[in-house]
1. Find the relative contact order for the stretch 451-521 and round it to a whole percent, using C-alpha pairs within less than 8 Å whose residues are 6+ positions apart.
2. Tally Lys and Arg at +1 and Asp and Glu at -1 over the other residues with C-beta under 12 Å from the C-beta of S374: what net charge comes out?
3. Please turn the phi angles of the stretch 348-353 into ³J(HN,Hα) values with the Karplus equation 6.51 cos²θ - 1.76 cosθ + 1.60 (θ = phi - 60°), one per residue in order, whole Hz, x for glycine and proline.
4. Based only on Cα atoms, what Rg/Rh ratio does the stretch 481-532 have, Rh being taken as Kirkwood's radius?
5. Using a 1.4 angstrom probe on the protein heavy atoms only, could you order R541, R107, R15 from most to least accessible area?
6. To the nearest 10 Å², what's S188's accessible area with a 1.4 Å probe?
7. Roughly how many Å² is the accessible area per residue of the chain, as a whole number, for a 1.4 Å probe?
8. Put +1 on the Cβ of every Lys and Arg and -1 on every Asp and Glu Cβ in the chain; which of L485, G36, I25 then has its Cα farthest towards the positive end of the dipole?
Amino acid sequence: MGDPWEFAVHAINGRWFSVFASFLIMAGAGATYLFGTYSKDIKATLGYDQTTLNLLGFFKDLGANVGVFSGLLAEVTPTWFVLLVGSAMNFAGYFMIWLAVTQKIARPAVWQMCLYICIGANSQNFANTGALVTCVKNFPESRGVMLGLLKGFVGLSGAILTQFYLAIYGTDSKSLILLIGWLPAALSVIFVYTVRERKPERQPNELRVFYHFLYVSIVLALFLMAMNIVEKQVDFSKAAYAGSAAVVCAMLFIPLIIAIREDWVQWNLKNQDGMKPATETTVDRALDIAPEVKSEVSKDKEEKAKESCFVSICHKPERGEDYTILQALLSMDMLILFAATFCGLGGSLTAVDNLGQIGESLGYPTKTIKSFVSLVSIWNYFGRVFSGFVSESLLVKYKMPRPLMMTFVLLLACVGHLLIAFPFPGSVYVASVIMGFAFGAQLPLLFAIISELFGLKYYSTLFNCGQLASPLGSYILNVKITGHLYDHEALKELAKKGMNRSSVKELICMGVQCYRVPFIILSSVTLFGALISLVLVMRTRKFYSSDIYKKFREIHGVS
């Protein structure tokens, strides 16, 4: 029994089991994308108008995207602590919202609801920082596909959590809030000690393994899409929902088999190598390299010690080297990324958050509106894995700058916005697919670009700083523009009926005019973001034409 036990310990401590654990954590870290499903309950129970609901949506986006605290915490504490903090915040935030919506506590003030949802949504940054950043550092030469897969599971999490809530609670959408309070928190606690940094070791078949993970996730996504269609057409019993959730659960654990297989291969190779004496060449090479590396490290430390903080900000390293946090934040490349993210992700978040009300204003039934939310979640996944795998392939084979794909994705998002502004029968289905795909594709590209331009040393903080523009864009585009214009149209409808705001509890707008002007504005802003990202393409084309992964191969001893 000695060998099986030793292998079990080896597997649990291995990089591949850490990847599997990260997949499950990420599969529960996308609760913010379900806002469109339960926002109607918040609006109806607490009597909010659309502007107030959009304000709540802004604080959700603020919490989901302001991850600087989790990044800074990860710089000075172990990964398990980051995951535990996120777990506690997730449960506390969403549990308080559930208590308010089910009227188990006195009606909270608007600022309290904003605080609750901000805390709950902010917890996903701790899951991202703990799992995503760790995996990127463990697999630096496969960061594009790694980011695509992990963010892909986040994209699927909305549809995954929906299947579980239907199986456990039935069709009570208020109970969905309770589920997203305890389930993601439980996943982080269960795998809290298995997700941590390991020494990166390049495997010859590493990309093939990631493609195996991809195939499993695609089958899962297709199953979720099929269930979304069938559940819309057929009235499911609770047993049928339970069967669907069981299939989803089984598919989520298939990556564990792949991870164990890879760890078994590595286990056997290490045992074989352990029986062979070290060759003279290997020992000599190690002895030759050690003094050289030590000398270079000492020299770097001496040079850095001579430079003051402000001098180092002005003397930025080459692209691809390790920037300090201030060097990166004050660089022109980061400012351009910030502007493109403000336009692109800000517009996409606005569209996703308003999807429930868009369907309602165009006269779609409640069941169909929920299918729109699931479509966004599923195509969010396809956008993430597509941008991760395809951008990585184009970068390696053709030296295509990753920001160029960002430009194409933003142009696609413009099309989705225009389909809402000028709807036709069934157009919201197409718009849901396009908006979900474009929204999902932006995130892995943003995170990969940041890691490539500014290095991995302070990646925990920098990738969280990089998405700060998203909630700012969401606030201006969602609360100040979309929510305000929606309420303006709704008040005009009331005035035509000889009524005013005090006459109704819930302010509702019906008709194509409700979202036409806001989404024309969103389309224009996103187009501007695409043009801005083209500037970054021109600035970085020389960098991306070089071998950006060469230094990692040299570290691993691969020529």
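1. Values: 31 pairs, mean separation 21.5, N = 71.
In percent, rounded to a whole number, it is 30.
2. Working: positive: K232, K367, K370; negative: E231.
Summing Lys/Arg as +1 and Asp/Glu as -1 gives +2.
3. 5, 4, 4, 5, 5, 5
4. Values: Rg = 14.2 Å, Rh = 12.3 Å.
With Rg and the Kirkwood Rh in hand, the quotient comes to 1.16.
5. Numbers: R541 135, R107 160, R15 25 Å².
Ranked from most to least accessible, the order is R107, R541, R15.
6. Number for this one is 10 Å².
7. Working: 23150 Å² over 559 residues.
Solvent-accessible surface per residue comes out at 41 Å².
8. Toward the positive end, the furthest listed residue is L485.
The values are calculated or read from the model by the stated rules, or taken from the named source; none is laboratory data. Just so it is clear, the model here is predicted, and its values are computed rather than measured. So basically every Cβ, Gly included, is an ideal-geometry build from the backbone, and we count neighbours across all protein chains shown. Surface accessibility is based on the protein's heavy atoms, side chains included, excluding ligands, DNA and RNA. Shrake-Rupley method; radii C 1.70, N 1.55, O 1.52, S 1.80 Å.
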